[in-house]
Amino acid sequence: MTTRLFGEPVQRREDPRLITGRGRYLDDLGAGALAAAFVRSPHAHARILDVDVSDALDVDGLVAIYTWEDLPGALAEPLPLLIPHPALTHGRTAYPLAREIVRHVGEPVVMVVARDRYLAEDACALIRVGYEVLKPVVGLEEAAGGAHLVHDDVPGNIGAHLVQEVPGPGGETAREAVDAAPHRLEFRLDVERSACTPLEGKGVYARWDADDASLRVYSSTQTSTSVRMAIAAKLGLPLPKVEVVAPDVGGGFGVKIVHPWPEEILVPWAARLLNRELKWTEDRREHFVSSSHERGQVQHVRVGFDDDGRLLGLEVEILHDHGAYTPYGIIVPIITSTQLLGPYKVGAYRVEFSSVYTNTVQVTPYRGAGRPQGVFCMERTMDKIAAYLGRDRTEVRAANFVQPDEFPYDQGLTFQDGRPLIYDSGDYPEALRMLKELIGWDSFPEEKARAAAEGRRIGIGVGCYVEGTGVGPYEGGHVQITSDGRVHVSTGLTSQGQGHETVFAQIAATELGVPIERVSVVTGDTRRFGYAVGTFASRAAVMSGNAIALACRKVREKALRIAAEALEADPRDLEITDGMVHVAGAPSASIPLATVAVLSNPLRYAFDEEAKRATQFAGPASDDRPPVAEGEEPGLEGRDYYSPVRSTFAAGMHAAIVETDPDTAEIRILRYAVVHDCGRLINPMIVEGQIHGGVAQGVGGALYEKMVYDEHGQLLNASFMDFLMPYATEIPRIETAHLETPSPLNPLGIKGAGEAGVIPVSAVLAAAIEDAEGIPIDRMPISPSDLHTLRRSR
Amino acid sequence: MRVNLTVNGRATAADDVWEGESLLYVLRERLGLPGAKNACEQGECGSCTVYLDGTPVCACLVAAGQAEGREVVTVEGLSRGDAPLPGAGPAHGDVSGEGLHEVQRAFLDAGAVQCGFCTPGLVVQAHALLAEADGVPSDADIREALAGNLCRCTGYEKILDAVRLAATRLGPPP
Ligand code: FES
Ligand code: FES
């Protein structure tokens, strides 16, 4: 029986519970707990005049009502600004409950606690908040005009302004390079807002144990360790008295990495104050108006290039819509600015962004986190150059690729982890070759002509990206083999559907030589592992995967040492197969790992048959050495951390063929092809699933999804009826091929895969629609009516 | 009010039910069956899909009173009740496919699950499609049948694979 599982499409170990309805998500916990609900601002910008709760007091089952005035100490302060940056000169965050001013529809104003959610909502409906309505700032360019302010003390609504510049090979600036180039283009691009929209919204459930003076909090979060620290700090509790557990989480895609959400500290605070279990589960409308959005940008591009389409200089100015607050700093526009470069060498580069406040829901990372906009910018640029020169679009791209022998390749910028943007490995020409073959790029012109002869319009598009994955600072892993031979693995980061219980078990089983059935994995539970960062930025497999592998190697080494003594062999001659340590080539000289675990822990008391072996009179002991040798610890367990010098860079290329209806302007994707390189694959089935899901979200963002705000700052489509997410009827089959260029940066040679699928989709579909229609597509998403309008204005 | 109904083959009653309450709330909060999920309460996502007298419905749109005297089957009722609890929670590593319905087994084999929040609804919907289907349904028929169920994670492809796999294994109806 083989224990080599790394690289195999192993069935997901979390699925048996999830397909039988036995998964336990936040709202499945805490039966009988009190329920919280919130009165949220109906205005985009207003001053709170008064809060009248008198009618609500009559609601039978009401327990408590809180406003900002009730919040003590640190809880009354603004929420933390998680990622400060020197360029974020005017960072602003919200209060957990609004203080004086509300800045977007949906901002929480009053918290109500009642016997159940129905009653809590009834009470909310009876609370009257008096507002003086202020002028709302809606629309990116209007906001940047600065006529009205979102925050009184933020002039021009500009929260941050950052310029990054890399000179060309001859030391020329981007402006000089563009001006001196043989050919120049200048244009504007627009990307609209979308949102993560996991099927499960946020939720928090808190239990205060008064006897133990400790708090346990369950949260549907992407970072339980950091939520724990935030709660301890905000509530003034000693850290060891706070536990945070992420149960099964119904998707995250970025929105649940933001923390602490107001509810994540208010619910534990009230649970402790009331000494009652308390739960809040976000409903769908709340998720639309009070969590996070992303993507909204306006980009102005100037590019200079030579006759072969080689870039000589590129200047990009970005207006980035940050919504009302900046709790996650300026990570999104930084990623746009840096990852815009993709697999290309651009000559001289200058990128400048302004982060602009508007009276809308805050902007924080959504899967892809600024990359889809950056890739849209670069890939539209490539297509425009090709069109201008009359060249094949893939040829222009190939002319600009970083070549396989140029790694590590330094792009000369500072990435989102504060480290230099240095690509570690890749093979872009090969990826493009594979993609062209997969989609049939070279034979497409004939296909298009045939379709045209039948009166059909079809078009093809391509898009390339590079994604910095596995950002630090670190993750850790703990591995313990118990005396029953089971392997218990834990890591602090969380899971929202990525199959971590499976891939981490594959890694542990492979490293330790044990059957995967014996391995169990726990993530996101601070009772098991307290040090972690979180699950975002395609980092979990790289960070925790490597940390767990390193921890396993420590445990393996210890197991071999103990087994060698028992078998009177040299540890270097030992191997572990199927949970048995044996002398290589001599399977009869063996000892089960379970027994090694028993021997690793010298015992005074025999609590079962196996344990007898480790007690003091069990066998000959060396008299001159303590039972636990110096530098050793009892038990067969190990802990290790992985902290990379910098990110590892995955890459991919997508192509699509679309058909547009000449009459209705309906846009149909006929084929979608993906070539993807995330280094060594741990589980191809899971990686494929991640890609499919990412592409589907990309298709949503390209063709269907946008946040429709009116001039008053009301979100008009805050429901699944009106915000169109793709169903099975909208998503095509996705053809995938894998290229594996291992990362030299980490022991397992892996790169992240979580976000990849979504990144180039808007760029690819814009290109394909443009090819079908012969109309420049500079704004996404594009609906049939948008296309119809474009046709008429041609 | 009291609502009497049969759930997963067992006659049961829910007490103190308020008139405005949904069947979904009754199942989840009063009968201890959290398998069906609440993701929109608007009939748009299908996460709450259960059988009501043999027809798949969005439990969030059914008033509790409408279920009086009727028969409900939830995702919990599709696998054999006496089956060992496969991986009862995130802390349990045991994986056992025993007792699973063919549709559930196919979801497992095809890798059709990611976060799993949409899964209970999709399993019931796919179960309903295959109960009616004559052989392996066409791609278009599967997509159409699942067009009321949102999944934000999988891009649907492996879910479609699972449905085809289950259909093949179940074979033509007797
Ligand atoms: S919760 Fe019932 S359809 Fe969405
Ligand atoms: S698996 Fe997450 S919504 Fe479908």
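Is it possible to state the helix-based mean residue ellipticity at 222 nm for chain A, with each DSSP H run of 4+ residues giving -39500 (n - 2.57), the sum divided by total residues, to the nearest 500 deg cm²/dmol? What is it?
Details: 18 runs with 204 residues, N = 794.
Value at 222 nm, helices only: -8000 deg cm²/dmol.
Tell me which aspartates and glutamates have Cα within less than 14 Å of A:K279's Cα, excluding those fewer than 8 residues away on the same chain?
A:D27, A:D28, A:D116, A:E121, A:E263, A:E264, B:E29
Rounded to the nearest 10 Å², what accessible area does A:I331 have for a 1.4 Å probe in the complete protein model?
Around 10 Å² of this residue is reachable by solvent.
To the nearest whole number, what is the average tally of beta carbon atoms from other chains within 10 Å of the beta carbons of peptide A:693-699? Walk me through the numbers before you get to the answer.
Working: counts 10, 2, 2, 7, 3, 1, 1.
The shielding value for this peptide is 4.
Work out the length of the dipole vector of the stretch A:28-178 about its Cα centre, built from +1 on the beta-carbon of each Lys and Arg and -1 on the beta-carbon of each Asp and Glu, and round it to the nearest 20 debye.
Values: 10 positive and 22 negative charges, 41 e Å.
Charge dipole, the stretch A:28-178, about its Cα centre: 200 debye, nearest 20.
Could you give the dipole magnitude of the protein assembly as shown about its Cα centre, charging the beta-carbon of Lys and Arg +1 and that of Asp and Glu -1, in debye to the nearest 20?
Charge dipole of the protein assembly as shown: 600 debye, to the nearest 20.
Counting partner chain Cβ atoms within 10 Å of every residue's Cβ in B:38-51, what's the average? Please report the intermediate quantities before stating the final value.
On the way: counts 8, 11, 9, 5, 5, 2, 8, 5, 2, 3, 0, 0, 0, 0.
Averaged over the peptide's residues, the number is 4.
To the nearest 0.05, what FRET efficiency results for A:A233 and A:R184 with a Förster distance of 35 Å applied to their C-beta separation?
Efficiency, rounded to the nearest 0.05: 0.10.
Give the carbon-plus-sulfur fraction of the accessible surface of chain B in %, rounded to a whole number; probe 1.4 Å, heavy atoms of protein chains only. Can you show the working numbers first?
Numbers: 3240 of 6800 Å².
Of all accessible area on chain B, carbon and sulfur atoms account for 48 percent.
Could you tell me what a quarter of the Cα convex hull surface of chain B works out to, in nm² with one decimal place? Don't skip to the end; give the middle numbers.
Numbers: hull surface 40.6 nm².
Result: a mean projected hull area of 10.2 nm².
What accessible area per residue, rounded to a whole number of Å², is obtained for the stretch A:472-642 using a probe radius of 1.4 Å?
On the way: 7480 Å² over 171 residues.
Heavy-atom SASA per residue in the stretch A:472-642 reads 44 Å².
Could you order A:W280, A:W68 by accessible surface area, starting with the largest, using a probe radius of 1.4 Å?
On the way: A:W280 0, A:W68 50 Å².
Most to least solvent-accessible, the answer reads A:W68, A:W280.
Distances longer than 21 Å among the Cα atoms of the stretch A:41-134: what percent of all pairs is that? Intermediate results must be reported in sequence, preceding the final value.
Numbers: 1796 of 4371 pairs.
The proportion of pairs with Cα distances above 21 Å equals 41 percent.
Expressed as cubic angstrom per residue, what is the convex hull volume of the alpha carbon set of the stretch A:472-642?
On the way: hull volume 21.7 nm³, N = 171.
In the stretch A:472-642, the Cα hull volume divided by residue count equals 127 Å³.
With all protein chains present, how much of the accessible area of chain A (probe radius 1.4 Å) comes from carbon and sulfur, to the nearest whole percent? Before the final figure, lay out each step's value.
Working: 14080 of 28060 Å².
Roughly 50 percent of what the probe reaches on chain A is carbon or sulfur.
List the residues of the stretch B:131-161 whose accessible area drops by at least 30 Å² when all protein chains are present, compared with their chain alone, using a 1.4 Å probe and counting only protein heavy atoms.
B:R143, B:A147, B:L150, B:R152, B:C153, B:G155, B:Y156, B:E157, B:K158
Taking the Cβ-Cβ separation of A:Q403 and A:E447 as r and a Förster radius of 30 Å, what is the calculated FRET efficiency to the nearest 0.05? Intermediate values should be presented prior to the final figure.
Values: r = 31 Å, r/R0 = 1.03.
Once the sixth-power term is evaluated, E becomes 0.45.
Please turn the phi angles of the stretch A:472-489 into ³J(HN,Hα) values with the Karplus equation 6.51 cos²θ - 1.76 cosθ + 1.60 (θ = phi - 60°), one per residue in order, whole Hz, x for glycine and proline.
Here the 3J(HN,Hα) series is x, x, 6, 9, x, x, 10, 10, 9, 9, 9, 6, 8, x, 7, 10, 10, 10 Hz.
May I have the convex hull volume per residue, in Å³, for the Cα set of the protein assembly as shown? Intermediate results must be reported in sequence, preceding the final value.
Details: hull volume 185.8 nm³, N = 968.
About 192 Å³ per residue, rounded to a whole number.
Take A:E77 and A:A584, extend 7 Å from each Cα along the Cα→Cβ direction, and tell me the distance between the two endpoints in nm.
5.8
In what sequence, highest mean first, do A:163-175, A:624-636 appear when ranked by Cβ atoms within 10 angstrom?
Details: A:163-175: 15.5, A:624-636: 11.4.
The most tightly packed comes first, giving A:163-175, A:624-636.
At 7 Å along the Cα-to-beta-carbon direction for both A:Y605 and A:R175, put a label point, then send me their distance in nm to one decimal.
Inter-label distance under the simple model: 7.8 nm.
What does DSSP give for the stretch B:3-76 in terms of the percent of beta bridges that are antiparallel, rounded to the nearest 5?
On the way: 12 of 14 bridges.
Here the antiparallel bridges make up roughly 85 percent for the stretch B:3-76.
For the A and B pair, go ahead and give the buried accessible area with a 1.4 Å probe, both sides summed, in Å² to 100. Could the numbers behind the result be given before it?
On the way: alone 30580 and 9410 Å², together 34860 Å².
Chains A and B together bury roughly 5100 Å² of accessible area.
Apply the Karplus curve 6.51 cos²θ - 1.76 cosθ + 1.60, θ = phi - 60°, to the phi angles in the stretch A:258-268 and return the couplings in whole Hz, x for Gly and Pro.
So the J values, rounded to whole Hz, are 5, 6, x, 5, x, 5, 5, 10, 5, 5, x.
Take the alpha-carbon centre of the stretch A:459-508, take the same for the stretch A:1-78, and report the distance between them in whole Å.
Distance between centres, Cα-based: 26 Å.
Length gain on complete extension for the stretch A:E630 to A:E565, per 0.36 nm per residue less the alpha carbon to alpha carbon distance?
Values: separation 65, 0.36 × 65 = 23.40 nm, distance 1.64 nm.
In short, 21.8 nm is gained.
With all pairs of different alpha carbon atoms counted, what Kirkwood hydrodynamic radius in Å does the stretch A:499-599 show?
Evaluated over the stretch A:499-599, this radius sits at 14.7 Å.
Sort A:R450, A:R518, B:R28 by accessible area with a 1.4 Å probe, largest first. Each step should come with its number before you reach the end.
On the way: A:R450 145, A:R518 90, B:R28 25 Å².
The ranking, largest first, comes out as A:R450, A:R518, B:R28.
Rounded to the nearest 0.05, what FRET efficiency do B:A13 and A:R733 give with R0 = 45 Å and r taken as the Cβ-Cβ distance? Could you check?
With a Förster radius of 45 Å, E is 0.45.
At a 1.4 Å probe radius, which order do A:R792, B:R164, A:R419 fall into by accessible area, largest first?
Values: A:R792 185, B:R164 70, A:R419 115 Å².
I get A:R792, A:R419, B:R164, largest accessible area first.
Just the Kirkwood number for the stretch B:3-76, please: inverse of mean 1/r across all distinct Cα pairs, in Å, one decimal.
Working: mean 1/r = 0.0849 Å⁻¹.
It works out to 11.8 Å.
Count charges around A:A114 for me, please; just the other residues with Cβ under 10 Å from its Cβ, Lys/Arg as +1, Asp/Glu as -1. Each step should come with its number before you reach the end.
Working: positive: A:R115, A:R117; negative: A:D60, A:D116, A:E121, A:D122.
Once positives and negatives cancel, what remains is -2.
Take the alpha-carbon centre of the stretch A:627-690, take the same for the stretch A:92-126, and report the distance between them in whole Å.
38
Could you identify which residue out of B:G77, B:G69, B:G20 has the top mean-square fluctuation in a GNM of chain B using Cα springs shorter than 10 Å?
In the Gaussian network model the winner is B:G20.
The values are calculated or read from the model by the stated rules, or taken from the named source; none is laboratory data. Values in this document were obtained by computation on a predicted structure and should not be read as measured data. Cβ coordinates were reconstructed from backbone atoms using ideal geometry, including for glycine residues, and neighbour counts include every protein chain displayed. Only protein heavy atoms, including side chains, enter the accessible area calculation; ligands, DNA and RNA are left aside. Shrake-Rupley method; radii C 1.70, N 1.55, O 1.52, S 1.80 Å.
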